[in-house]
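Read-outs: derived from the displayed coordinates by stated rules, not from any lab. Predicted model only: the values in this text are computed from it and were never measured. FYI the Cβ positions are ideal-geometry reconstructions off the backbone, even for glycines, and counts take in every protein chain you see.
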Amino acid sequence: MGEDPASQVYVRNKERACEECGIYSEKYALPEETTQDELLALIDKLNKQENISGILVQLPVPAHIDEKTVINAIDPKKDVDAFHPVNVGKIMVGNYDFVPCTPAGVMELIKESGIDVTGKECVVVGRSNIVGKPQAMLLLHSNGTVTICHSKTKDLAEKTKAADILVAAVGIPNFIKGDMIKEGAVVIDVGINRLENKKLCGDVEFESAEKVAGAITPVPGGVGPMTVAMLMKNTVRAAVVNGTK
Ligand code: NAD
């Protein structure tokens, strides 16, 4: 909904990925002034539409729309973002169909790089419902020892420096510096921040961090594309869960 430029880029990338994978998609670009009832009516229609396996409402929604009400309206079986409380609860108990795309992408990067999480000190900086919290839970399911840091955490650098695997999801450009990272650590940068010069940068100061890290993801080109890939995976999974063809 609305004209958020970042959202427009994300939606375009998702549409393109669907095309590349051969997944049928429908896009509804609703004007800013659309009412909540109109949005909920559309979600209800898509919940019932048999040729649709997955529904994603690109966040953020405009201020007059209640995000929670919208998320709760999506059929949990079609909730390919895994933001519905039913799916959040399933992730907590470790018996889930969908995992939020960004944390899932981070786990895939770790796995594909041959890194075993078992017994590792994992530090997640950020506790949002869409990244930090589910990220911590997935690392825990992979047998990591997990610490979640946030805006009220004391002595943050002491915590991040203890991490074998450090995930930054803060939303502050270049927030994590090289001197906050343990030698050889795996550093995953979820942040996507647009600087005044229009350039994208992460939450990790790449230049200083890459000198200390054993492995590090770039921004752009690291976690971002993985998020889209995991959305495709969740959609295929949703087709199986819903029995859609
Ligand atoms: P958010 O604003 O909801 O959460 C930020 C978190 O950072 C909060 O939990 C807060 O406690 C913590 N924080 C803020 N200041 C801090 C400080 N000084 N010290 C320690 N912690 C602090 O953000 P979000 O939605 O979780 O997104 C985080 C970043 O990841 C943003 O840059 C966002 O654009 C990016 N993001 C990227 C993708 C992707 O696909 N790569 C997906 C989602 C979000």
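Summary table
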quantity: In Hz, Karplus ³J(HN,Hα) per residue of the stretch 219-236 (6.51, -1.76, 1.60; θ = phi - 60°; x = Gly, Pro); calculated: 9, x, x, x, 5, x, x, 5, 4, 5, 4, 5, 5, 5, 4, 4, 5, 5
quantity: Normalised alpha carbon radius of gyration of the stretch 8-67 [divisor 2.2 N^0.38 Å]; calculated: 1.20
quantity: Cut-off 19 Å (backbone N to label point 7 Å along Cα→Cβ of residue 112), residues of the stretch 149-173; calculated: 166-168
quantity: Cα gyration tensor category, rounded, prolate or oblate, for the chain with a/c compared to 1.5; calculated: prolate
quantity: Crossing angle, helix 101-112 versus the chain [Cα axis fit, 0-90 degrees, rounded to tens]; calculated: 50
quantity: Within-9-Å neighbourhood charge of residue 213 [Cβ basis; K, R +1; D, E -1]; calculated: 0
quantity: Set of aspartates and glutamates with alpha-carbon distance to residue 233 below 16 Å, sequence-local pairs under 8 removed; calculated: 15, 19, 20, 79, 81, 97, 108, 112
quantity: Net lengthening on full extension, residue 3/residue 20 (0.36 nm per residue, minus Cα-Cα); calculated: 3.6 nm
quantity: The chain: most fluctuating residue of 210, 15, 158 per GNM, C-alpha cutoff 10 Å; calculated: 158
quantity: Gain on full stretching of the segment that runs from residue 37 to residue 172 - 0.36 nm per residue minus C-alpha separation; calculated: 45.2 nm
quantity: ³J(HN,Hα), Karplus 6.51/-1.76/1.60, whole Hz, each residue of the stretch 64-72, x for Gly, Pro; calculated: 7, 10, 8, 4, 4, 4, 5, 4, 5
quantity: Relative contact order for the chain, counting Cα pairs under 8 Å that sit 6 or more residues apart, in percent; calculated: 18
quantity: Degrees separating the helix 5-21 axis from the principal Cα axis of the chain, which is the longest one; calculated: 80
quantity: Set of lysines with alpha-carbon distance to residue 120 below 20 Å, sequence-local pairs under 8 removed; calculated: 111, 133, 159, 161, 182
quantity: Cut-off 15 Å between beta-carbons: net charge of the residues surrounding residue 162, Lys and Arg +1, Asp and Glu -1; calculated: -1
quantity: Under Karplus coefficients 6.51, -1.76 and 1.60, residue-wise ³J(HN,Hα) of the stretch 178-186 in Hz, glycine/proline x; calculated: x, 6, 9, 10, 6, 3, x, 5, 8
